[in-house]
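The next block holds one structure in the form of structure tokens; read it before the comments.
The values are calculated or read from the model by the stated rules, or taken from the named source; none is laboratory data. These numbers were taken from a predicted model, which means no experiment stands behind them. Neighbour counts are summed over all protein chains in view; Cβ atoms, including those assigned to glycine, are modelled from backbone coordinates with ideal geometry. Side chains included, ligands, DNA and RNA excluded: accessible areas come from the protein's heavy atoms. Shrake-Rupley method; radii C 1.70, N 1.55, O 1.52, S 1.80 Å.
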Amino acid sequence: MLIIAGIVGAALDVDVTADYLFAAGLLLHFTIWFEDWWRAARAN
């Protein structure tokens, strides 16, 4: 959701805020992916 908010913010020309929202969304997405990968790796 934060990635979408960052894209919408960039479309509305909210420069710095859109950058932070987009980066936070990417970081959140990466941490969720890493947690899923970590649990799957430990289960094997």
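Taking the chain, which residues are assigned to a helix (DSSP H, G or I) and of a type in the set (Asp, Glu)?
Scanning the chain gives Asp15, Asp19, Glu35, Asp36.
Kindly indicate whether Ala11 is at pLDDT 85 or above, in contact with a helix residue (DSSP H, G or I) (Cβ under 9 Å, 6 or more places away or on another chain) and surrounded by fewer than 10 Cβ atoms within 10 Å (Cβ to Cβ).
Judged against the criteria, Ala11 is a match.
Tally time: how many residues in segment 16-30 are over 8 Å from the mean Cα position of the chain (by Cα) and either modelled with pLDDT of 95 or more or open to solvent by 80 Å² or more (accessible area, probe 1.4 Å) (or both)?
Matching residues across segment 16-30 total 3.
Search segment 18-37 for residues that are closer than 18 Å to Gly6 by Cα and pair each with any residue that is loosely packed, with under 12 Cβ neighbours inside 10 Å when their beta-carbon atoms are under 9 Å apart and the residues are at least 6 apart or on different chains.
Listed pairs, sorted by first residue: Ala18/Ala11; Ala18/Leu12; Leu21/Ile4; Gly25/Met1; Gly25/Ile4; Leu28/Met1.
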